[in-house]
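For reference, the structure discussed in these notes is given below.
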2 protein chains.
Amino acid sequence: MFRIHTCGELRIANAGQHTILSGWVQRTRKMGGMTFVDIRDRYGITQLVFNQDVNAGLWEQANKLGREFVIQATGEVAERINKNRNIETGEIEILVSALQVLNESKTPPFTIEDNTDGGDDIRMKYRYLDLRRNNVRENLELRHRITFEIRRYLDQMNFLEVETPILIGSTPEGARDFVVPSRMNPGEFYALPQSPQLFKQLLMVSGFDRYFQIAKCFRDEDLRADRQPEFTQIDCEMSFVEQEDVLVIFEGMMKQLFKFIKNIDFDNPFPRMTWHDAMKYYGSDKPDIRFDMKLVELKEAVSGHDFVVFDSVPYVGGICVGGCAGYTRKQLDELTDFVKRPQIGAKGLVYIRCEADGTFKSSVDKFYSTDDLKAIAAKFNAQSGDLILLLAGNKIKTQKALCELRLEMGARLGFREKNVFAPLWVIDFPLFEWDDETQRYYATHHPFTSPNPDDIHLLDTDSGKVRATAYDMVINGIELGGGSIRIHDSQLQNKMFELLGFTLEKAQAQFGFLMNAFQYGAPPHGGLAFGLDRLVSLFAGLDSIRDCIAFPKNNSGRDVMANAPSKIDQSQLDELNLVIDIKPQTPKGA
Amino acid sequence: MFRIHTCGELRIANAGQHTILSGWVQRTRKMGGMTFVDIRDRYGITQLVFNQDVNAGLWEQANKLGREFVIQATGEVAERINKNRNIETGEIEILVSALQVLNESKTPPFTIEDNTDGGDDIRMKYRYLDLRRNNVRENLELRHRITFEIRRYLDQMNFLEVETPILIGSTPEGARDFVVPSRMNPGEFYALPQSPQLFKQLLMVSGFDRYFQIAKCFRDEDLRADRQPEFTQIDCEMSFVEQEDVLVIFEGMMKQLFKFIKNIDFDNPFPRMTWHDAMKYYGSDKPDIRFDMKLVELKEAVSGHDFVVFDSVPYVGGICVGGCAGYTRKQLDELTDFVKRPQIGAKGLVYIRCEADGTFKSSVDKFYSTDDLKAIAAKFNAQSGDLILLLAGNKIKTQKALCELRLEMGARLGFREKNVFAPLWVIDFPLFEWDDETQRYYATHHPFTSPNPDDIHLLDTDSGKVRATAYDMVINGIELGGGSIRIHDSQLQNKMFELLGFTLEKAQAQFGFLMNAFQYGAPPHGGLAFGLDRLVSLFAGLDSIRDCIAFPKNNSGRDVMANAPSKIDQSQLDELNLVIDIKPQTPKGA
């Protein structure tokens, strides 16, 4: 037997008991003839005591222990004189009577502490040591608890977890598939699923009624900071539902998570916002509504004052930042630089300071009178001491830039606290997105998304105006999940394929088995999927999903610890009927 | 709103209530001016009634409904006159006042009934319709409940579910890996995991203490009846444990499953049997102990009687089949044919009938006297009316043949009831297996399996005798899971690699990151993995794991419904720097 207790469970009530602990040496402190060793495991830290006067040999043994040695200590639980109120085992210590080194350890390349001295790269290479740190392990414990509670909730709601296949067929639409050569079917490939979308819709055709799966998904994309080639989705689908039914179930799930994980109660329904309003007031389809500071459109109010910048553009808009009228020239220049960064792309920034005395100070004073500025300020309900910031240009681009500026100002003013959560449903997304380059419509979500029944008459005449029965759950400006009511009518589905420029042959080739299935009694159905990695990151207050994944990959899709991917044997290639032919590098687009 | 109730929930207490149901048309029965429609969903079947006298238009509409149409029916719950006691909703019916066809259906290619008229191939092609059948869906509901209970138990026991990566590095040892070409790392490949073995051991090095995962695993093997290229494993690992700790935890898990899923109590500990005894008494490392009928070794007892068949072989053994002395010549010939099949490979079968009068009738009468036969019968404790069956030959092969014969006779005698469960731990597996062809030892499990501490002194001198600290859980002759205590000592691990013929370089290339990790304080650890597909099949009484998988593949690794794998676009191949070069087919070995 390696232990009687864990390193986190002994309390003053155990004083006098015999125990055996096993764990890692966190640190040793030698104070004259006394040596103290902190022994650590997943559950906590306990202090071991070695007294030279009691057992000199044992004391010497303890003095030789190195950091991260794995040890087993036998002894008696005793009350501590100097109690440590910061840890739960801080009232006791172990008077050790026997010590065994279970395994030695080389000196780790960084300290196993919450604030480690190790940089990102070395911690990724030695991920197994990084995972020993409490704060990293706690993210994964949180992940476990979140998935456990999700499963409990969905089980209560009659959802069945069904595993769909990982080795599926490739569908060239959308992001790139990872493919898997088939040895038994030479020249053919499986693909790894980007999502279980088709299979979950098939399960509805099969009458499964309520399905979910916490499913690994795969996308061979060029990776950005917050993307991983494999990620995890909480994938759900329901039959005989309208949008309202879906929102109620998953709002309930999120409320239960907030209650059980964060002990936060949301008594009221989550607010809902149309996509149109989200763009208009927040410049984003995933507004952070922890704070107000809405975008205000000003094109009419500012036009006709000979200010060519405002007169020559289709859109002028701004935000009002409370209490920032005192911003210095230097601070305003910083903000101008901020909005002019290529990622944001504004041409410049106009400000109006609402001074304490009721006057205005603006970078466009010479075009606008005090009354003009007062009228503008009134549109923001601006108060004395507020700072109004204006941007101008192309509508969508400028709204997006204002969104970034708003988030920046919100962060500066402390409105984006990680422990405040503001959930929101964004609804009524447009069904189609127009692409200027190819001069055609694309599905905003995917070709199975149902149009809003009220807008079906517009499909032929005004496609761009058709709303989808699609919805996203947004919390703190993060899109946690989204979904839609699906099309279950074959004729409407064919109409959609037509509008999206699919020939029937092409649609059949890509989605044939789903289209066939729909001829055998497909029920009305809909669902959604949450990004588990994002959800855990949000709850943990992390900046990157990488920190809640046990063994993540870097931006080149590489596991630097395990050195994957790697070359494979020629015999493996031969068996797969493959030859590697590396072409000279050409710049790769998206 | 599509429904107020499901098709499985209305009872006599609901009589008089207004309701809306949605579901599929199971069948329609026209009886004069009355038409009855059974509407079905996942939860049950409810009878709808249409009366020509009440509403002729609605009645006509009902008469046009086809099988598997999706409908919505509004009406009033009423008590039935002819109650159907076979279904839970059988006391009521719905007097329909409005009917809507939500979707039509082509006539399905087979009947959606428990006993369908569809063959295997057509049901696999239309798997989404096959999944509508109650008995198929129930297997997947059972799978959901089993995984849910497993998670609940392991969570209670402080196990953390951690997702390990699906895109990993290839390890050429063992079965073939599926590989995934990396676009971002030209010429390099990921592999899909055959199991999370290395990662779960790393998590122990990371101090996770207790890990589990219900994990997809992949093996590119030539498929036999009960294999799938992707399968699901309940993968577990624990730190600071000895074999006993592991067995206790997972015996507890299995007992909880039997209690919650089958309402079966196992009050006593599961029996344990050494691998050596399993081979000796059952000719198998996974004995079906629902019945006794142990193998008896007879080489000494039968030698020296001039019967050259017995004299010339190293092993003679047999079983005693109770009450079968009356077997006819024809029946015995059938058994002879059975053991002579190539899969079993015996040369012939010797029988001894223990007649009611105390005499013996045997196929080898001329070599053995009545006293000789009596002595043989005594070794089996044979009674009057029993039938003794003997095989002879090479020891291992003959034991295996006797095992098959024993299972066959057990089945004939009704000893292998699917609702009787006989769990067993098989322990003390040999650490190494000798391979005659390559003239060297292989690891019976894998190179990380710890030898039994009592046998370490034999490693150099008598490797074949070294027992592993490895264990399998066997139920009803099915190996449900297995595992071992792992080596945590780097020196012992290096010794193992040496004995297995790995050079240090080769070991480093394949398992380098694990070996490095072990230098930083690896705790003693061990674990096991259960095959989820087999476990569900056992509980469901299925003959193939395929029936508890939503979308299984056939023996060529093909999903005939979705037509995967398939050809991919040339542009995809180009991006992956791959060229297909199909060589002329050569016969493929294992």
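In table form, for the structure just shown:
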item	result
Listed residues A:SER363, B:SER463 arranged by accessible area, highest first, probe 1.4 Å	A:SER363, B:SER463
List of the stretch A:82-126 residues, accessible area with partners at least 40 Å² below that of the chain alone (1.4 Å probe)	A:ASN103, A:LYS106
Of B:ASN84, B:ASN14, B:VAL49, farthest towards positive along the dipole that unit charges on Lys, Arg, Asp, Glu beta carbons give the stretch B:12-103	B:ASN84
Carbon and sulfur %, accessible surface of chain A computed with the full protein complex present, 1.4 Å	48 percent
Histogram of C-alpha separations across the stretch B:471-580, 10 Å bin width, %	11, 21, 20, 28, 20, 0
Rounded accessible area of A:CYS354 (nearest 10 Å², 1.4 Å probe)	10 Å²
Size of electric dipole in the stretch A:12-103: Cβ of Lys, Arg +1 and of Asp, Glu -1, about Cα centre, debye, nearest 20	320 debye
Partner lysines for B:LYS395 [C-alpha distance under 27 Å; skip if fewer than 8 residues away on the same chain]	B:LYS280, B:LYS286, B:LYS294, B:LYS299, B:LYS340, B:LYS347, B:LYS361, B:LYS366, B:LYS374, B:LYS379, B:LYS465
Using θ = phi - 60° and Karplus 6.51 cos²θ - 1.76 cosθ + 1.60, couplings along the stretch A:352-361 (whole Hz; Gly, Pro as x)	10, 8, 8, 6, 4, 8, x, 8, 10, 10
Nm distances between copies for B:ILE122, ranked from closest, using label points 7 Å along Cα→Cβ	6.8
Heavy-atom SASA rank of A:VAL420, B:VAL313, B:VAL37 (probe 1.4 Å, accessible area, largest first)	A:VAL420, B:VAL313, B:VAL37
Estimated vicinal HN-Hα couplings, Hz - the stretch A:33-42 in sequence order (Karplus 6.51, -1.76, 1.60; Gly, Pro = x)	x, 10, 10, 10, 10, 8, 9, 10, 9, 4
Percent of Cα pairs exceeding the 48 Å cut-off, where the set is the protein assembly as shown	44 percent
With all protein chains modelled, accessible area of A:GLU188 [1.4 Å, Å²]	40 Å²
For B:GLN519, inter-copy label distances in nm, listed shortest first [label point 7 Å out on the Cα-Cβ vector]	6.4
Estimated dipole of chain B in Debye, rounded to 20 [Cβ of Lys and Arg +1, of Asp and Glu -1, Cα centre]	1500 debye
Accessible area buried at the A-B interface, both sides summed, 1.4 Å probe (Å², nearest 100)	11600 Å²
Nearby lysines by direct alpha-carbon distance to A:LYS125 (threshold 27 angstrom, same-chain neighbours under 8 apart not counted)	A:LYS106, A:LYS216, A:LYS553, A:LYS567, B:LYS200, B:LYS216, B:LYS495, B:LYS506
Rg(Cα)/(2.2 N^0.38 Å) for the stretch B:291-412, N = residue count	0.96
Directionally averaged projected area (convex hull, Cα atoms, chain B), nm²	37.4 nm²
Protein-only accessible surface order, largest first, of B:THR6, A:THR328 at 1.4 Å	A:THR328, B:THR6
For the stretch B:293-327 and the stretch A:256-313, distance of Cα centres in Å	87 Å
Using a 7 Å Cα-to-Cβ projection, A:ILE87 label spacings across copies, nm, ascending	6.3
Estimated vicinal HN-Hα couplings, Hz - the stretch B:418-427 in sequence order (Karplus 6.51, -1.76, 1.60; Gly, Pro = x)	5, 9, 9, 10, 10, x, 7, 9, 9, 10
Projected area, mean over directions - the stretch A:375-419, Cα convex hull, nm²	4.2 nm²
For B:PHE338, solvent-accessible area (1.4 Å; no DNA, RNA or ligand), Å²	30 Å²
Closest approach to the axis - chain B beta-carbon, rotation onto A, Å	B:VAL579, 2
Dipole axis of the protein assembly as shown (+1 Lys, Arg; -1 Asp, Glu on Cβ), positive-most option in A:GLY464, B:LEU129, A:ILE71	A:ILE71
The protein assembly as shown: calculated mean residue ellipticity at 222 nm from DSSP helix runs of at least 4, using -39500 (n - 2.57)	-8500 deg cm²/dmol
About the Cα centre, charge dipole magnitude for the stretch B:291-412 (Lys/Arg +1, Asp/Glu -1 at Cβ), debye	400 debye
Zero-based 10 Å bins, Cα pair distances in the stretch A:44-127, whole percents	15, 36, 34, 14, 2
Spatial separation of Cα centroids for the stretch B:87-153 and the stretch A:147-206, in angstrom	20 Å
Paramagnetic label zone (point 7 Å from Cα along Cα-to-C-beta, A:THR359; backbone N under 19 Å) in the stretch A:371-394	A:371-378, A:383-388
Cα lying deepest toward the dipole's positive end in the protein assembly as shown, options A:SER362, A:GLY119, A:ASN394, charges on Cβ	A:SER362
Counted charge near B:ILE45, where neighbours are those whose Cβ lies closer than 15 Å (Asp, Glu -1; Lys, Arg +1)	+2
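The values are calculated or read from the model by the stated rules, or taken from the named source; none is laboratory data. The model shown is predicted, which means the values in this text are computed figures rather than measured ones. Counting neighbours? That spans all protein chains shown, and the Cβs are built from the backbone with ideal geometry, glycine included. These accessible areas exclude ligands, DNA and RNA; they are computed on the full protein's heavy atoms, side chains included. Shrake-Rupley method; radii C 1.70, N 1.55, O 1.52, S 1.80 Å.
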